[in-house]
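S.K.: Quick one: structure below, then a few questions.
The values are calculated or read from the model by the stated rules, or taken from the named source; none is laboratory data. As the structure is a computational prediction, the values presented were derived from the model and not from experiment. Backbone-built Cβ (ideal geometry, glycine too); neighbour counts: all protein chains shown.
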Amino acid sequence: MSRKRGKATRPAAPAPPVTPARVRGIDTLRGGALCLMFVYHFCFDLRFFRVIAADFEHDPFWLGFRAAIVTSFMLLVGISLVVAVDAGQSLARFWRRIAIIAGCAAAASVGSYVVFPATFIYFGILHSIAAASVLARPLVRWPAIALSVGVAIVIAGLTFANAAFDERWLSWIGFGTRKPATEDYVPLAPWAGFVFIGIAVGRALQRTEFRALAPLVSAPRWLRFLGRHSLVVYMIHQPVLLGLLWLVVRG
């Protein structure tokens, strides 16, 4: 009995060095997620300029579309944590990366306040990625535990609700009874759960030497480029889209 328990909780064995081919496959997936996000935000911006009348808050299609995009990004965060640790990422480099993401999250909050002062972003996807990365990284070598924690967070986030979490100072955790008035809302419950699940997925990919990603290595370079520079692309895409649409609508 004790032998079985020890085996179940044993950390993942050290992985071989990460090859460029593995990273390119992940870049392709991240680039694809960005393309889906472009479509969503382009349509969102069209509504902002009153070109279309889509209901992003209640229409099951748009709610599902957004959920698929957020899930993809959060899973990829978990997979990327595995790849980074296996590539020898130091804690100092990890915290530098978190600081950059947190800085971009703060910039997104400030920028959204300028455009949408009543519904500015105070805990969007970048905020969630930064916080979830910090919480999940200690379990990078414990995929079974990470999977269990991730599934528990997702289930709790989807099933438990309490009005106390409707307050803004707690709403970033999740568990609220209503969505707050904000342009982007990605609370830790349930979304951080997918980062933990992504760790388990990353370890499963690592055990098979990332063979499932092999077909993605030959994807177009521009798609891999987007994925490789996803944070920069994320930060500039909305100002570009809004600016171009403003020129078209005004013209």
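S.K.: Name the pairs: first residue in segment 85-98 and closer than 16 Å to Leu231 by Cα and in contact (Cβ under 8 Å) with a residue 12 or more places away in the chain, second residue in a helix (DSSP H, G or I) and hydrophobic (A, V, I, L, M, F, W, C), Cβ to Cβ under 7 Å, at least 6 apart or on different chains?
M.R.: Pairs found: Ile98/Ala130; Ile98/Val134.
S.K.: Quick check on my filter: what residues within segment 117-146 are more than 17 Å from the chain's Cα centre (by Cα) and in a helix (DSSP H, G or I)?
M.R.: Within segment 117-146, Pro138, Leu139, Pro143, Ala144, Ile145 qualify.
S.K.: Another one. Could you tell me how many of the residues in segment 205-233 are modelled with pLDDT of 95 or more and among the polar types (S, T, N, Q)?
M.R.: Summing the residues that are modelled with pLDDT of 95 or more and among the polar types (S, T, N, Q) in segment 205-233 gives 1.
S.K.: Residue check: is Pro143 surrounded by 15 or more Cβ atoms within 10 Å (Cβ to Cβ), over 22 Å from Phe94 (Cα atoms) and touching a residue at least 12 places away in the same chain (Cβ under 8 Å)?
M.R.: Against the criterion (surrounded by 15 or more Cβ atoms within 10 Å (Cβ to Cβ), over 22 Å from Phe94 (Cα atoms) and touching a residue at least 12 places away in the same chain (Cβ under 8 Å)), Pro143 does not qualify.
S.K.: Now a separate question. Filter segment 146-190 for residues that are touching a residue at least 60 places away in the same chain (Cβ under 8 Å) and either among the aliphatic types (A, V, I, L, M) or more than 20 Å from Ile129 (Cβ to Cβ) (or both) and give the result.
M.R.: Ala146, Ala181, Val186, Leu188 - these are the residues of segment 146-190 that are touching a residue at least 60 places away in the same chain (Cβ under 8 Å) and either among the aliphatic types (A, V, I, L, M) or more than 20 Å from Ile129 (Cβ to Cβ) (or both).
S.K.: Which of (1) buried (at least 20 other Cβ atoms within 10 Å of the Cβ); (2) closer than 21 Å to Gly174 by Cβ is the odd one out, the single condition Asp86 does not satisfy?
M.R.: Unmet for Asp86, out of (1) buried (at least 20 other Cβ atoms within 10 Å of the Cβ); (2) closer than 21 Å to Gly174 by Cβ: (2).
S.K.: Give the number of residues within segment 207-228 that are surrounded by 15 or more Cβ atoms within 10 Å (Cβ to Cβ) and either touching a Leu at 6+ places or on another chain (Cβ under 8 Å) or within 17 Å of His41 (Cβ to Cβ) (or both).
M.R.: 4
S.K.: If I ask for residues that are within 17 Å of the chain's Cα centre (by Cα) and among the hydroxyl-bearing types (Ser, Thr, Tyr), which ones from segment 155-210 would you list?
M.R.: Tyr185
S.K.: When both residues are 6+ apart or on different chains and their Cβ atoms are under 6 Å apart, which pairs have a first residue that lies in segment 71-83 and is on the phi < 0 side of the Ramachandran plot, and a second that is outside any helix (DSSP H, G or I)?
M.R.: Leu81/Val140; Val82/Val140; Val83/Val18
S.K.: Give the residues of segment 171-188 that are over 18 Å from Ala105 (Cβ atoms) and not in a loop (DSSP other than H, G, I, E, B), sorted by residue number.
M.R.: If the condition is that a residue be over 18 Å from Ala105 (Cβ atoms) and not in a loop (DSSP other than H, G, I, E, B), then no residue fits.
S.K.: Here's a follow-up. Just checking, which of Val114, Val149, Val195, Val201 is more than 20 Å from Ala84 (Cβ to Cβ), among the aliphatic types (A, V, I, L, M) and assigned to a helix (DSSP H, G or I)?
M.R.: Just one listed residue meets the conditions, Val114.
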